[in-house]
Amino acid sequence: MKLILVKDYQEMSKQAAEYVIEKLLQNPNMKLGLATGGTPIGTYKFLIEDHKRNGTSYQNVKSFNLDEYVGLSATNENSYHYYMNDVFFNHIDIKKKNVHIPSGDAPDIQKECEDYETVLTKHGRVDLQILGIGNNGHIGFNEPGTSFDSKTHIVKLAPSTIRANSRYFESMEEVPTRAVTMGISTIMQSKEILLLVSGESKSKALLKLWENEVDEYFPASVLKKHPAVTVIADEAAYAELRANDRAFA
Ligand code: GLP
């Protein structure tokens, strides 16, 4: 894993956006894996600005999101469908037919998982997958203990994830308890991964990612087995590593 250390959230977002734009210019037909949560919002803002200013086009891009809450429709303001339209897709020229997000309100969720995996397989490997990390090391919604062999599946969210994500909901009770997520092995299929880590609340997770053995109880640790992972972390997220005297090039 390559670590790029930056000053703050703004700088992380800018560098991440520049990374994506460079790949996009090299390959305008790229398959782009996208994440939700608070972390990538700044990156999407920079990408939108670039699209408006420089005309970088997403006309031929195919996007694949990591996950969606079970039970929320695309029009529900807390769904990841809504989030993606709101913070990114509505502001660029991506074609709706090229957007892929698992359906949280599909009548048969198990079938939805299988269908999503089939769609991913049909399109071939994602070129660049953007990832965030949960405080407990989750990637997508793959909670600790998820098999590294997992494909797209239904998960029961960990209490700590429900607590962390309740900031987007009116109350904790409204947070769905289940989600559909790309599996660990699905994520590992991506040709390249860009992991974004920002803020003090993530500094323990970043320390564990660096220090811990590869272990299913810390899902992000699997990334150490991937040949092309770049981590962009800000100073606040780096605090624990610094305190532990871990230096990086
Ligand atoms: C959420 C998402 C993940 C995200 C993570 C961190 O539960 N499913 O894809 O990376 O948690 O979220 P945040 O960026 O808001 O800290």
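FYI, it's all coordinate maths here, none of it is from the lab. Because the structure is predicted, anything quoted here is derived from the model rather than measured. Positions of Cβ are generated from backbone atoms using ideal geometry, with glycine treated the same way; all protein chains shown enter the neighbour counts.
Worth pointing out:
- Cβ-placed point charges (K, R +1; D, E -1), dipole of region 18-128 about Cα centre in debye, nearest 20: 480
- Basic side chains Lys and Arg get +1 at the Cβ, acidic Asp and Glu get -1 at the Cβ, and with that the dipole of region 2-244 about its Cα centre reaches some 620 debye.
- The distance separating the Cα centre of region 101-129 from that of region 7-69 comes to 21 Å.
- Region 99-182 pair-distance distribution - Cα-Cα, 5 Å bins, rounded %: 3, 13, 22, 24, 21, 12, 5, 1
- Near-label residues of region 165-186 by backbone N, under 13 Å of a point 7 Å along Cα→Cβ of residue 156: 177-179
- Simple spin-label estimate for residue 75 and residue 174 in nanometres, 7 Å along Cα-Cβ: 1.7
- Kirkwood-Stokes translational diffusion coefficient of the chain, alpha-carbon pairs, 20 °C, 1.002 mPa s, µm²/s: 118
- Taking each DSSP H run with n ≥ 4 as -39500 (n - 2.57) and averaging over every residue of the chain yields -10000 deg cm²/dmol at 222 nm.
- Coupling constants for region 103-114 follow from the phi torsions by the Karplus curve (6.51 cos²θ - 1.76 cosθ + 1.60, θ = phi - 60°), and in residue order they are 8, x, 10, 4, x, 10, 5, 4, 5, 4, 4, 5 Hz; glycine and proline get x.
- Nitroxide proxy distance, nm - points 7 Å out along Cα→Cβ at residue 200 and residue 2: 3.1
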